[in-house]
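Engineer: One structure, pasted below without further comment.
Each reported figure results from applying straightforward, stated rules to the coordinates on display, with no laboratory input. All values reported here derive from a predicted model rather than from experimental measurement. Heads up, the Cβs are rebuilt from the backbone with ideal geometry, glycines too, and the neighbour counts pull from every protein chain shown.
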């Protein structure tokens, strides 16, 4: 029964759901369940918390549909709600991150030294479990405002504009944060390769 | 001409194709002669690729069932309340 809705756009489904068509809402959930779960998991690094965020998000969205304005894409609005729940959970769990401290990356002076190029190392692959763990651990070291941008931009594949709308910050702010985040992770991965394969 | 410091600052814009053509050409020319910046850009790009490659995880069956149960309860309860209000 839900299949007849699969060709509808998000906006068409939202309109139907607003008018009380619950099958349309079920289609929305079906379409975005995995995306919201992955976002929540990546932001919290905890499957149980991700499960809670998944439920909270879709229940909140169901009750707030009437407030959804067509000024933004439905997915942007949905991501913003999921992001807010994820941040609330992280704060509850008292993750030791600061929202304001700038992250430290190698400064330009470092460029004067020869940098080892590990990009062709056969171990530099996401299949490498140890490296994957290192990446996740490094993400945890990033202050919230940098980590959110990195996850949305480079893991979820959203554009700078979409990220700016979800986080309610300017595009230049997104660009500045993504750059520092990427550089921070790159520095950590360089240390990892130097220690393990240098 | 673009220098190492500027490349460091513009790496993301360069990789995300957000620079104008002339600037891109300058950076590419610089990379032909600066091993250090080439190494930086290769590892920087590789870092982004690693993020892109992180696989999507499936929603566990139990989580999926709990979600749908919660949603159906929510939808059902809302219907009951609406009906009661209408009576």
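Engineer: Which angle between 0 and 90 degrees, to the nearest 10, do you get for helix A:22-44 versus the longest principal axis of chain A when only C-alpha atoms count?
Structural biologist: The angle comes out near 20 degrees.
Engineer: Which order do peptides A:40-47, B:37-44 fall in by mean Cβ count within 10 Å, highest first?
Structural biologist: Details: A:40-47: 19.5, B:37-44: 21.0.
Final packing ranking: B:37-44, A:40-47.
Engineer: Something else about it: Mind listing P(r) for chain A? All alpha-carbon pairs, 5 Å bins, whole percents.
Structural biologist: P(r) over chain A, rounded to whole percents: 1, 7, 14, 16, 17, 15, 11, 8, 6, 3, 2, 1, 0.
Engineer: Assuming 1.306 mPa s and 10 °C, estimate D for chain B with Stokes-Einstein, Rh taken as the Kirkwood radius over Cα pairs, in µm²/s.
Structural biologist: Details: Rh = 17.6 Å.
Rounded, D is 90 µm²/s.
Engineer: To continue, here is another question. Pick from B:45, B:72, B:25: which residue has the top mean-square fluctuation in a GNM of chain B where Cα pairs under 10 Å get a spring?
Structural biologist: B:72
Engineer: Just tell me how shielded B:51-63 is by partners: mean number of partner chain Cβ atoms within 10 Å of each residue's Cβ, no decimals. Walk me through the numbers before you get to the answer.
Structural biologist: On the way: counts 13, 4, 5, 9, 4, 8, 7, 3, 11, 4, 0, 1, 9.
Partner-chain Cβ atoms within 10 Å, mean over residues of B:51-63: 6.
Engineer: Mind checking the mean number of beta-carbon atoms from other chains within 10 Å of the Cβ atoms in B:29-42? Let's see the in-between values first.
Structural biologist: Working: counts 0, 0, 0, 0, 0, 1, 3, 7, 2, 3, 8, 8, 3, 5.
Mean partner-chain Cβ count within 10 Å for B:29-42: 3.
Engineer: For chain A, modelled as a Gaussian network with Cα springs under 10 Å, which listed residue fluctuates most, A:33, A:15, A:127?
Structural biologist: A:127
Engineer: Using a 10 angstrom cutoff on alpha carbons, build the Gaussian network for chain A and name the most mobile of A:64, A:164, A:75.
Structural biologist: A:64
Engineer: What is the gain in length, in nm to one decimal, between residue B:75 and residue B:55 on full extension, counting 0.36 nm per residue of separation less the C-alpha to C-alpha distance? Write out the running numbers ahead of the final one.
Structural biologist: Numbers: separation 20, 0.36 × 20 = 7.20 nm, distance 3.23 nm.
Working it through step by step, the gained length comes to 4.0 nm.
Engineer: Suppose each label sits 7 Å from its Cα in the direction of the beta carbon; what would the residue A:71-residue B:15 distance come out to in nanometres?
Structural biologist: Each label point lies 7 Å from its Cα, and together they span 3.3 nm.
Engineer: From the helices alone, meaning DSSP H stretches of at least four residues, give me the mean residue ellipticity at 222 nm for the protein assembly as shown, per-run term -39500 (n - 2.57), in deg cm²/dmol to the nearest 500.
Structural biologist: On the way: 12 runs with 194 residues, N = 285.
Value at 222 nm, helices only, nearest 500: -22500 deg cm²/dmol.
Engineer: How well do other chains shield peptide A:174-181, expressed as the mean number of their Cβ atoms within 10 Å of each residue Cβ? Mind dumping the intermediate values first?
Structural biologist: Values: counts 0, 4, 1, 1, 3, 9, 1, 3.
Average neighbour count from other chains, rounded to a whole number: 3.
Engineer: Would you please put A:146-153, A:134-141 in order of how densely packed they are, using the mean number of other Cβ atoms within 10 angstrom per residue and starting with the highest?
Structural biologist: Details: A:146-153: 24.5, A:134-141: 16.1.
My ranking of the peptides, most packed first, is A:146-153, A:134-141.
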